[in-house]
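Step one of this worksheet: look at the structure below.
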Amino acid sequence: MLKEFQDHIESRLSFLKESKLLIAISGGIDSVVLTQLCVKSNLNIALAHCNFNLRGDESDADEDFVLQLAEDLELEVFVESFDTKAYAEENKRSIQMAARELRYNWFTELSEQLKFDYVLTAHHADDNLETFLINFTRGTGLEGLTGIPEVNDIFVRPLLPFSNEQIAGYAKSNKIKWRDDSSNRSTKYLRNKLRHDVIPILKEINPSLLQSFQNTLSNLNDTSRIVEDAIEKFQKEAIEDVSNQHIKYKVEAFKKLAEPKAYLYEIFKDYGFTQWDDILNLLSAQPGKYVASATHRLIKDRDILILTNSFSDEISEEYIEVLDTNTTLKIPNGFLEFSEVDTIDTQHHENCIYIDKALLHSPLTIRQKKQGDAFSPLGMKGKKKKLSKYFKDEKFSLVDKENTWLFCSDENIVWVIGKRADDRFKVTDKTKHILKIELIQ
């Protein structure tokens, strides 16, 4: 197996030979064999062990074993102890998910702090099959059936081509010692149930199951790349606008597709959505309808779908007080730069206004809209217009309204920032002090 491992590193993971590596080691057979293979392949490695404190003395014995192994092999070793149960309760996670989050977060922090290039984990071909079956039984899209990635950011899995049988054979023939985790024998966890009860039957039906599975994964990954290319091409046609606040998609582009739901799934699956029928219905829904996930919203606005961050149902009641009109002020959608000038630049854009400074009265504030807000749009010669009517006439989307801020003098709107100034504060022949206000985004 050593020769096969070294050939695999040479052909597919040669970058590891020149890298500083951290091995995630539990003390079990897989991670111990990975460590021994890396040592014999002269890779530059250190060890990292998590004590999750879930099995009492057994967990501490695992830690002692890893420390002794590191000493025997003259390797640097890092150990972290976690209160996994407390973390799981506090963050509403299963024990398995809590342990996963804790270890991957720690490995990432350790790598950043100590400049490790990659973290090696000991996932192998049988783990890959188990993960595939778990995703399959729970329901998944194509991405859940393409297997554990061999390289995922800093995490690398050099044992993926090798079976549990090969790893056990190598350990036995080289008289390698390891620690057995008693929890792996319990079938109360789905992974263990598949490992002990289901996969042996599948291997009995097909002795070449792992090889057949590898072929299936290869075909699925090829199909996945075709899908990615199709989605990328479609998005170039469908995306109308992209900003820091949103991405806008043309509804008509989806309606032209034979299977719009499949495209909707592939495009929006990474934003936490699960209500795919509701999202499909957005294509023909009334403007203002939306579907929300924990982190994002997908909003129907006329002939556009808008993807934006999640939000509070209430418009913010917070305001920013303007204490100095000769400075630059940070606001939620950029910076407001205030300055006194002698003349008006007639070529100025909507992100810039000029007003009569003497007409301003304290308090000067930056806030969002309130019920009943009205102003006199510049050019309407003092005629009042409700802000809600202005938004409607200007075809503001829900996202536009949420991201619109007002510069106010007392309770009077001076400027719908970045959109329209109020006629009552305009510069006239009688103006002695001209205040320029510019939105910088």
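We did not get these values from a lab; they are worked out from the coordinates using the rules stated. A quick note: this is a predicted structure, and the numbers were derived from the prediction, not measured. Every residue, glycine among them, receives a Cβ derived from its backbone with ideal geometry; neighbour counts consider all protein chains shown.
Computed extension length for ALA230-VAL151: 26.1 nm, one decimal, from 0.36 nm per residue of separation with the Cα-Cα distance subtracted.
On a 22 Å Cα-Cα criterion, which of the cross-link pairs LYS193/LYS261; LYS248/LYS395; LYS248/LYS370; LYS250/LYS389; LYS92/LYS193 come out too long?
Values: LYS193/LYS261 34 Å; LYS248/LYS395 15 Å; LYS248/LYS370 27 Å; LYS250/LYS389 25 Å; LYS92/LYS193 24 Å.
Over 22 Å Cα-Cα: LYS193/LYS261; LYS248/LYS370; LYS250/LYS389; LYS92/LYS193.
A full extension of the chain between ALA358 and GLU101 corresponds to an added length of 86.7 nm, given 0.36 nm per residue minus the alpha carbon distance.
Stokes-Einstein diffusion of segment 215-283 at 37 °C, 0.692 mPa s viscosity, Kirkwood radius from Cα pairs, rounded to a whole number: 247 µm²/s. At q = 0.11, 0.21 Å⁻¹ the log10 of I(q)/I(0) for segment 170-316 amounts to -0.67, -1.29, computed by Debye summation with a single uniform scatterer per C-alpha, solvent ignored. Dipole size of the chain about its Cα centre, with +1 on Lys/Arg Cβ and -1 on Asp/Glu Cβ: approximately 1800 debye, rounded to the nearest 20. A Förster radius of 51 Å, combined with the Cβ-Cβ distance separating SER186 from ASN42, puts the computed FRET efficiency at roughly 0.85. Is the shape of segment 50-209 rounded, prolate or oblate, going by the alpha carbon gyration tensor and its root eigenvalues a ≥ b ≥ c, with a/c under 1.5 for rounded and a/b larger than b/c for prolate? Rounded is the answer for segment 50-209, as its axis ratio a/c remains below 1.5. Taking one quarter of the surface of the C-alpha convex hull of the chain gives a mean projected area of 29.0 nm².
Under a Cβ-only charge scheme (Lys and Arg +1, Asp and Glu -1), can you give me the dipole magnitude of segment 157-196 about the Cα centre, in debye to the nearest 20? Don't jump to the answer; show the numbers that get you there.
Numbers: 10 positive and 3 negative charges, 26 e Å.
The calculated dipole for segment 157-196 is roughly 120 debye.
Top mean-square fluctuation among ASP83, ASP324, ASP423, Gaussian network model of the chain, C-alpha springs under 10 Å? Between ASP83, ASP324, ASP423, it is ASP324 that shows the largest mean-square fluctuation. Mean sequence separation of contacting Cα pairs (under 8 Å, at least six apart), scaled by the length of the chain, corresponds to a relative contact order of 10 percent. If you take the alpha carbon atoms of segment 99-184 and fit the smallest convex hull around them, that volume is 141 Å³ per residue. At each listed q (0.12, 0.13, 0.20, 0.21 Å⁻¹), what is the log10 of I(q)/I(0) that the Debye formula gives for segment 304-441 modelled as equal alpha-carbon point scatterers? Listed by q, the Debye log ratios stand at -0.47, -0.55, -1.33, -1.46. Hydrodynamic analysis of segment 42-128 uses the Kirkwood radius over alpha carbon pairs. Inserted into Stokes-Einstein at 37 °C and 0.692 mPa s, it gives a translational diffusion coefficient of 229 µm²/s.
Give me the number: length gained by fully extending ASN221 to LYS177, i.e. 0.36 nm times residue separation minus the C-alpha to C-alpha distance, one decimal in nm.
Details: separation 44, 0.36 × 44 = 15.84 nm, distance 3.63 nm.
Computed gain between ASN221 and LYS177 is 12.2 nm.
For segment 1-79, what's the relative contact order in percent, using C-alpha pairs closer than 8 Å and at least 6 residues apart?
Numbers: 83 pairs, mean separation 22.3, N = 79.
That works out to 28 percent.
Within segment 400-437, list the trypsin sites (Lys or Arg not before Pro) lying in a DSSP loop whose Cβ has at most 12 other Cβ atoms in a 10 Å radius.
Numbers: sites: LYS401, LYS419, ARG420, ARG424, LYS426, LYS430, LYS432, LYS436; in loops: LYS419, LYS430, LYS432.
Those satisfying the criteria are LYS430, LYS432.
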